[in-house]
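Structure first, commentary second.
The values are calculated or read from the model by the stated rules, or taken from the named source; none is laboratory data. In this text, all values refer to a predicted model and were calculated from it rather than measured experimentally. Here Cβ is always computed from backbone atoms with ideal geometry, including for glycine, and neighbour counts include all displayed protein chains. Each accessible area value is taken on the protein alone, full model and side chains, heavy atoms only, with ligands, DNA and RNA left out. Shrake-Rupley method; radii C 1.70, N 1.55, O 1.52, S 1.80 Å.
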Amino acid sequence: MGGGRAPGTPLGLLAALLWAPLAAGAAALGAAERSQLRDQVVEMFDHAYGSYMKHAYPADELMPLSCRGRVRGMEPSRGDVDDALGKFSLTLIDTLDTLVVLNKLDEFEDAVRKVVLDVRLDNDVVVSVFETNIRVLGGLLGGHIMADMLKAQGERLQWYKDELLHLARDLGYRLLPAFNTTSGLPYPRVNLKYGVLSPNSRTGTELDTCTACAGTMILEFAALSRLTQETVFEDTARRALDVLWEKRQKGNDLVGTVINIHNGDWVRRDSGVGAGIDSYYEYLMKAYILLGDDTYLERFNAHYVAIMKYISQPPLLLNVHMHNPTVSIRSWMDSLLAFFPGLQVLRGDLKPAIETHEMLYQVTKQHKFLPEAFTSDFAVYWAQHPLRPEFAESTYFLYKATRDPYYLQVGKSIVESLNEYARVACGFAAVQDVRTGRHEDRMDSFFLAEMFKYLYLLFTEKRDLPLDIDDYIFTTEAHLLPLSLSTARSPCPRNVTMFHKGHGEEEIFTRSCPSTQTLFPNNPTFTRTIRDAHKQLLQPGAERLALFRGIEFPLRDTRMEPLEILKRMGLTLLPLGDRSVQLTGIRHQQEASPLGLFSLKFITELVDPPAGEQQGISPLAVQVISPPFFGRIVLTAGPAQFGMDLTKQEHGVKGSLVLSEPYQACAAITNREAVQGKVALAQRGECMFAAKARNLQKAGASGVIFIDNAEGSCSEKMVLFQMVGDGSTSDIVIPLVFLFQKEGQVLLDALAQHCNVDVLLATKPMFLGEEKTARPFSASQLHEAATEPHTRTVTSAPDQA
C-alpha cells in the first residue's frame, strides 16, 4: 500500500492484490451464473429498499414483520439499540451510495431530493455519537460524493448544489459538543438539538465510552473537514485518537474495551478485535490510506503486532487482559470480529485472514448465519443474527485479493441463506435465534448500506460499475470516500507517534502490501491448502474431549474447553485406539518449564457428560414464597461468576419482583423508584449481563433475575451455564441468577396476575409450613403451577443436581 508516500501521491488500494492469479481448488462460477447472482442481489435489494420506501419512509427503519416504520418513542424501547434512531430517515441516508454502486441512478437522484426536502436535524432526540457518525454523517458524505461525481458527468443532478454536504456540516457541528470533555474523548450520546450539557439535553451524565466509539470518527470527520475546509472536525477526531494511543498499555500496545471519558482510565480491560474495539483498528489503517499521514500506519502496525502476538490464535481471535495478555478472559467470540480478515487483507497478511474466515464460514454453515456470539468450540453463545454484513465484507476482500472462486461460492451461500431464512413479505427480518429460525421485527439500516454493496461488488465485474471502486476507501459502514482527499490537506505536524524502546525495527511488509506470488511463490492452490487445515473443525460426530477425570483445570469460564487450556500449556492430545489419549508437548514459548519433551497417558471420556454434571455447575433456585404460591413453585436457575455469591448466603436473598424498564436493562433504568429495594426481572440480549447488572444495581435493585430471550428454552432441554462478566466486575455486589424462557415466563405470568410476588434466591429452596419437599418444577408442570398455584403441589418433580 505504498510506504513513506507524500500526501499527494496516489494510492492504488490493494494494487498488488486486486488481480492475483486464479487459484485452483474451487469450482469457478461461470459468467452466466455470476451474472445471475448479481441480478439476484439487485432483486433482493429492490425488495428490501422498496419495502422500506413503501411501508416505513420517512421513519428511520423498517419493521419487516409489522410492515411499518419504526419511529422512536412510538415503539417499546430497545435500549441502546434505539440510540441509532434520530428521526432523520436513517435508512434512506445510509443507503444513498449503495444506490449508485448498484447502478440505480434514477432512484439515487430521487433519494437525494427526498433527503434535501424532508430531512431535518434539529430534533430533540438523544442519539449515539458513534452510530450517527458512521451511518448518517458517513451516508451524507457518501451521497454528496456520488452526487458530485454524477453531476460532473453532465447528465444527472444538474440541480444539485452541495445540499447533502451542507447537511453533513450541520450534523458535524451537532456532534461536536460531545467532545467537550477534559480528555477530548467524546460522550457516547448527544442531543441533536440541545447538545450534551444543556438542562434540556437529557444526556451528559455518562462516565465512559467504548474504544471504537471514540476511535471511529477520523474518516468521516476528516472528510468533512477536507470537503468544507473547516479543520475543526479532523482536529477533534484526531485528538481523540491521540488520547487512545497515549492510554494504550505501553508494554504491549494493547487497548481495553471501555474507557473513562474524563480521566482516561480503563473501565473494561479486556482486549480483542470484536465489539467495543473493532473499528478503532480499522480506522487507523484506513486513515493512513485516506489521509496520507504516516502516524496512523505506525500506530496500526504497533497494535497489529500486539494482536498477532496475544489475541490471534488462528483460526481463533480471543480476548485477553490488556495488562496480562497471556490470560484469556473469555472463551467466546462475537460476530463483529468477522470484519478482521478483511482488514488483514488490507494489511497484506493473507494466511491468518484465510484461516479465520474459513473458521467463520464453517460456523456459518452449521448455524445458517453467524450467531451474534459463539464459543471457542463453535457452539452458539448469543443466538441472534441481526443481518450483520461483516462476514460478507471479508469474503469480498478475500476474493479481490486472491481471485479464488471459492469465495464466490461463499457469497452464493450468503445469498441463499438470506433468501431462504430471512426474507419476509416486507423486506428481510433479523433472526432472533439461529437455532430455531425465529425472526425479529427489525431490519437495520446497515443491511442496505453494507450487505448488498459487498455482495453486488463480489459478483460484478469492475468494468460494469458506474465508478472506479479502487479510487475509494470503504468506511466501517461501507460508505465511499475518495482517496483524492489525501491531497486536500497536509498532515498535522503535532500528530506525532512516540514509540517506546523496541519499535525501531519494521517488518518487511510494514509499509507495503505483498502480492500473492511474493507470499506463496509458485503455489496457485495456497488458499485451498490453508483452508483445508480448518475444514474439520465442526464435523458432525467428531470426537471432542469434554471432561477429564482426576485432573483439575483452572477454568475461569465454564464454557472454556479443556483442550484450549492444554493448548496454551503447549500440549497436544492425540487419540489412541484404546479410548485413551497421548498427551504430548514441548516447552511453552512464553513461560519457562522444566519438563521439556514428555508424553503421558490419561484415561478420558470422549462423550458429553450428563446435563446435570456438564461443566460442573451447581444450579441455584428461585422459589416463589408469597401467597398464593407459598413456596410450591421452585425454578432451576443458573449462577453468575460475579455479584453476590449465593452459596455463602445461608438463608438466601428474599425480595419482591418488579419488571425492569427498559426490559433489557441496557440503558439507564427509567422506573428507578419501583426497582428500589426489589428483585428486578430483565431480559437477556443486546448487551452484556454485567452492563445490565450495573444499571439495575445503580437503580437500587436488591437482585436481578435474567430471563432468556430464546423462545421455548427451558432447563430440561438446555445446558445450564454460568453468566460471565466483562473482565472487571468487582463493583457488582447484588445477587444475579439466570432463568430460561419457560421458567422465566412463570414469574412474568405470576407478576401479571398478582400485585405482589415475593421470591427467594438461594442454593436450595426452603420448607414452608407442612411442605416437606420443595423441588424445581419440570417444564411440563410450569404452566399449571403458575395458573393454579393454590391447588398445585408437586410431588414428582425430577431431582436436580
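With respect to residue 238, is the statement that it is open to solvent by 50 Å² or more (accessible area, probe 1.4 Å) and either basic (Lys, Arg) or at pLDDT 95 or above (or both) true? Against the criterion (open to solvent by 50 Å² or more (accessible area, probe 1.4 Å) and either basic (Lys, Arg) or at pLDDT 95 or above (or both)), residue 238 does not qualify.
Specify which of the listed residues (626, 618) is open to solvent by 30 Å² or more (accessible area, probe 1.4 Å) and either over 22 Å from residue 690 (Cβ atoms) or in a loop (DSSP other than H, G, I, E, B) (or both). Checking each option against the conditions leaves just 618. The conditions of being touching a residue at least 40 places away in the same chain (Cβ under 8 Å), part of a helix (DSSP H, G or I) and either of a type in the set (Val, Ile, Thr) or at positive phi (or both) are not met by residue 326. Considering only residues in the range 414-455 that are of a type in the set (A, V, I, L, M) and assigned to a loop (DSSP other than H, G, I, E, B), the one that is most open to solvent (accessible area, probe 1.4 Å) turns out to be 425.
Could you list all residues from the range 648-707 that are in a helix (DSSP H, G or I) and open to solvent by 10 Å² or more (accessible area, probe 1.4 Å)? Break it down into steps so the answer makes sense when it comes.
So in the range 648-707, the residues in a helix (DSSP H, G or I) come out as 648, 672-675, 689-698.
648, 672, 673, 674, 689, 691, 694, 695, 697, 698 - these are the residues of the range 648-707 that are in a helix (DSSP H, G or I) and open to solvent by 10 Å² or more (accessible area, probe 1.4 Å).
Give 730, 715 a once-over and let me know the one that is of a type in the set (Ser, Thr, Tyr) and open to solvent by 40 Å² or more (accessible area, probe 1.4 Å). Result of the check over 730, 715: 730.
Residue-by-condition table, conditions (1) within 16 Å of residue 653 (Cα to Cα); (2) of a type outside the set (S, T, N, Q):
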| residue | (1), (2) |
| --- | --- |
| 694 | no, yes |
| 708 | no, yes |
| 715 | no, no |
| 731 | no, yes |
| 734 | yes, yes |
| 738 | yes, yes |
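Residues satisfying the criterion are absent from the range 383-400 (criterion: open to solvent by 20 Å² or more (accessible area, probe 1.4 Å), among the hydroxyl-bearing types (Ser, Thr, Tyr) and more than 21 Å from residue 334 (Cβ to Cβ)).
Specify the residue that is farthest from the chain's Cα centre (by Cα); the eligible residues are those in the range 29-41 that are crowded, with 18+ Cβ neighbours inside 10 Å and hydrophobic (A, V, I, L, M, F, W, C). Step by step, filter the range 29-41, then rank; the result is 37.
Residues of the range 750-771 include at least one that is outside any loop (DSSP other than H, G, I, E, B), among the aliphatic types (A, V, I, L, M), at pLDDT 85 or above and open to solvent by 10 Å² or more (accessible area, probe 1.4 Å). Please work out if residue 368 is within 22 Å of residue 459 (Cα to Cα), open to solvent by 10 Å² or more (accessible area, probe 1.4 Å) and of a type in the set (Lys, Arg). Taking the combined requirement at face value, the residue satisfies it.
Does residue 202 satisfy the condition of being charged (D, E, K, R) and surrounded by fewer than 23 Cβ atoms within 10 Å (Cβ to Cβ)? So residue 202 fits the description; yes.
Number of residues in the range 59-83 that are touching a residue at least 40 places away in the same chain (Cβ under 8 Å), charged (D, E, K, R) and either in a loop (DSSP other than H, G, I, E, B) or open to solvent by 40 Å² or more (accessible area, probe 1.4 Å) (or both): the value is 4. Scoring residue 56 on the criteria (1) of a type in the set (A, V, I, L, M); (2) out of contact with any Leu (no Cβ under 6 Å at 6 or more places or on another chain); (3) modelled with pLDDT of 80 or more; (4) buried (at least 19 other Cβ atoms within 10 Å of the Cβ) leaves a single failure, condition (2).
Residues that are among the aliphatic types (A, V, I, L, M) and under 14 Å from residue 88 (Cβ atoms) number at least 3 in the following helices (runs of 4 or more DSSP H) confined to the range 106-220: 163-175.
Screening the range 456-482 for residues that are in contact with a Gly (Cβ under 6 Å, 6 or more places away or on another chain) and not hydroxyl-bearing (Ser, Thr, Tyr) and picking the one that is surrounded by the fewest Cβ atoms within 10 Å (Cβ to Cβ) gives 480.
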